[in-house]
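What follows is one structure encoded as structure tokens, with my remarks underneath.
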């Protein structure tokens, strides 16, 4: 059953649950952060509308900086602005930011410890028809490897808003990952959010869980749907949502692994090097348990609808249920 | 600036060159030609042009000197040490474990460096970001960005040149060390840059050219740049790589290697003759 203290929406499993892309949270969040702190600026590389940077631009035209189609320049410009006290958010598609400007982020932002917030939109296969070039599946890996970098993949538009506001309030480099397509808004303004903290979304009605599903990003909702189905079928399931991939909430991850003894991770990213790997790195040292990593397996994306693609690459509730069955059938 | 001032600056530049040779020998690796070629310009900046305070490197009102081609940082360390940022003896820790003087500069390790650099092409965009943010806040600090000429091969340089041209900065001056060498050879063989002037002009910059080993001429050029409000200014500073050590001047093989102890002894003696002005026996 849904965890009450997570304050999720009332109509959690209803078909009329509100849908919005997490990038909307960037638009709302930067405006909110901009009101709270006059040093917040937004830089954009010719994608103001689709990144939702134009929401900030309308409110704060003098603090919106259009850099043209030049993501490398955008990263280093932002570092320069941070050097004199600004709090820059740089927005483009994740395929280019951090895909194209990785080295500028590494040197001028991460190594130099600059207070720049790197915002990658259109991450994952759910970009849809644009195809593989624009479906970034390696950004979590790229960013979490960098020392000094905080990495966040919000679960819905509301959590994305909170993540943006929280990122503005901490001093240091942050990467935030956003999606293009509308996904269920399952959290509420009352849902707790803190950088570095995981959140239990779903718990067995009675007894200890047999399996823990650990999710990041918008697939948090997919984890919930899978957990409900499993729970209806008698499998005691826990869902731990981890919007912050780095620093990972080690304590929470270890605690649920200890309780459940079986773990499945879920992310819209390569299974290699991403969130599941981050969880595995913790558990292999602290609490080795049977695990399944649900993610893209060494493949690029392709054109299609988000639903078709999530199903094809094994990222939907069907795939999660299968992974849970798999990990439960394993004898240890 | 009178002749006495100029003589003083020229003497400091020779001291900076000596320190560069000493630190490179102690390090056993590093770049020789670029730092020697830029000793006059760094001396001009730290001892005449910049508003700065070596005792207070984070002073908010300071001008910002951004070194984009971080591999020539020995000349910056040497000039900073002579200006009083840290003891000259610390220069001998260059590239050693635990040193604040990293092989390529890191701002978090040594106050006064402004940026972390080495990967080429990233100084100008950072300088442009600073220029933009300082202008937003109505600040009067000037920003100077020093780049190499080989570095102009990098695409990001032109992204930044394009953007800075759009912004019509009056507070940003770039300096290109036009010494015509890069690691693999002469710039015009590896990747022809000419006409650099025409390229920058086409990107809406004002271009000045000067002999970068002539301290007086360089300072005059910077004064002229300050007087131009309509556009960012780039000073193409023609320098002699390896300047001060005639036997290595113009030789690209000295771009990326340090002298041996034996060579250093000879080089130091050549520097002390100040280009033949002082007889060897007194040097």
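The values are calculated or read from the model by the stated rules, or taken from the named source; none is laboratory data. Computed from a predicted structure; not experimentally measured. Positions of Cβ are generated from backbone atoms using ideal geometry, with glycine treated the same way; all protein chains shown enter the neighbour counts.
When you check residue A:146 against the structure, is it under 20 Å from residue A:24 (Cβ atoms) and in contact (Cβ under 8 Å) with a residue 24 or more places away in the chain, yes or no? So residue A:146 does not fit the description; no.
Conditions (1) touching a strand residue (DSSP E or B) at 6+ places or on another chain (Cβ under 6 Å); (2) outside any loop (DSSP other than H, G, I, E, B), marked per residue:
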residue: A:255; (1), (2): no, yes
residue: A:268; (1), (2): no, yes
residue: A:284; (1), (2): no, yes
residue: A:289; (1), (2): yes, no
residue: A:303; (1), (2): no, no
residue: A:310; (1), (2): no, yes
residue: A:318; (1), (2): no, yes
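Which numbered condition in (1) out of contact with any helix residue (DSSP H, G or I) (no Cβ under 6 Å at 6 or more places or on another chain); (2) within 14 Å of chain B (Cβ to nearest Cβ); (3) farther than 23 Å from residue A:170 by Cα is the only one that residue A:39 fails? So the condition that residue A:39 fails would be (3). In this entry, residue B:36 is excluded by the filter for residues that are surrounded by fewer than 24 Cβ atoms within 10 Å (Cβ to Cβ) and part of a helix (DSSP H, G or I). Among the conditions (1) within 19 Å of residue A:70 (Cα to Cα); (2) free of Cβ contacts under 8 Å to residues at least 60 places away in the same chain; (3) buried (at least 24 other Cβ atoms within 10 Å of the Cβ), the only one that residue B:126 does not satisfy is (2). Residue selection: residue A:212 satisfies the criterion of being modelled with pLDDT of 95 or more and touching a helix residue (DSSP H, G or I) at 6+ places or on another chain (Cβ under 6 Å).
Taking residue A:234 as the residue in question, decide whether it is under 19 Å from the mean Cα position of the chain (by Cα), in a loop (DSSP other than H, G, I, E, B) and in the same structural domain as residue A:319 (by TED's automatic domain parsing). For residue A:234, the condition - under 19 Å from the mean Cα position of the chain (by Cα), in a loop (DSSP other than H, G, I, E, B) and in the same structural domain as residue A:319 (by TED's automatic domain parsing) - is not met. Listed here are the helices (runs of 4 or more DSSP H) enclosed by region B:141-208 that have at least 2 residues being closer than 20 Å to residue B:251 by Cβ and away from chain A (no Cβ under 14 Å): B:187-190.
Of A:228, A:197, all but one fail to be assigned to a helix (DSSP H, G or I) and surrounded by fewer than 23 Cβ atoms within 10 Å (Cβ to Cβ); the exception is A:228. Quick check on region B:114-125. Is at least one of its residues over 20 Å from residue B:222 (Cβ atoms), assigned to a helix (DSSP H, G or I), within 14 Å of chain A (Cβ to nearest Cβ) and in contact with a helix residue (DSSP H, G or I) (Cβ under 8 Å, 6 or more places away or on another chain)? Scanning region B:114-125 turns up at least one residue that is over 20 Å from residue B:222 (Cβ atoms), assigned to a helix (DSSP H, G or I), within 14 Å of chain A (Cβ to nearest Cβ) and in contact with a helix residue (DSSP H, G or I) (Cβ under 8 Å, 6 or more places away or on another chain).
Annotation: of all residues in region B:228-258 being touching a strand residue (DSSP E or B) at 6+ places or on another chain (Cβ under 6 Å) and under 13 Å from residue B:37 (Cα atoms), the one that is surrounded by the fewest Cβ atoms within 10 Å (Cβ to Cβ) is B:238. Scanning region A:113-155 for residues that are within 14 Å of chain B (Cβ to nearest Cβ) and surrounded by fewer than 24 Cβ atoms within 10 Å (Cβ to Cβ) gives A:113, A:115, A:146, A:147, A:148. Scanning region B:83-108 for residues that are more than 21 Å from residue B:258 (Cα to Cα) and touching a residue at least 12 places away in the same chain (Cβ under 8 Å) yields B:83, B:84, B:85, B:86. Scanning region A:67-85 for residues that are more than 12 Å from residue B:115 (Cβ to Cβ), facing chain B (nearest Cβ under 7 Å) and part of a helix (DSSP H, G or I) turns up A:72, A:73, A:77, A:78, A:81. Among the conditions (1) surrounded by fewer than 23 Cβ atoms within 10 Å (Cβ to Cβ); (2) touching a residue at least 24 places away in the same chain (Cβ under 8 Å); (3) within 11 Å of chain B (Cβ to nearest Cβ), residue A:104 misses just one, which is (1). Within region B:64-84, being in contact with a strand residue (DSSP E or B) (Cβ under 8 Å, 6 or more places away or on another chain) and assigned to a loop (DSSP other than H, G, I, E, B) holds for B:68, B:69. Report the residue count in region B:39-63 for those that are part of a helix (DSSP H, G or I) and more than 15 Å from residue B:146 (Cβ to Cβ). Summing the residues that are part of a helix (DSSP H, G or I) and more than 15 Å from residue B:146 (Cβ to Cβ) in region B:39-63 gives 2.
Annotation note: of B:135, B:107, the sole residue that is under 25 Å from residue A:76 (Cβ atoms), assigned to a helix (DSSP H, G or I) and within 14 Å of chain A (Cβ to nearest Cβ) is B:135.
Taken together, the residues in region A:110-142 that are closer than 30 Å to residue B:109 by Cα and assigned to a loop (DSSP other than H, G, I, E, B) amount to 5. Every listed requirement among (1) in contact (Cβ under 8 Å) with a residue 60 or more places away in the chain; (2) crowded, with 22+ Cβ neighbours inside 10 Å; (3) out of contact with any strand residue (DSSP E or B) (no Cβ under 6 Å at 6 or more places or on another chain) is met by residue B:156 save one, (1).
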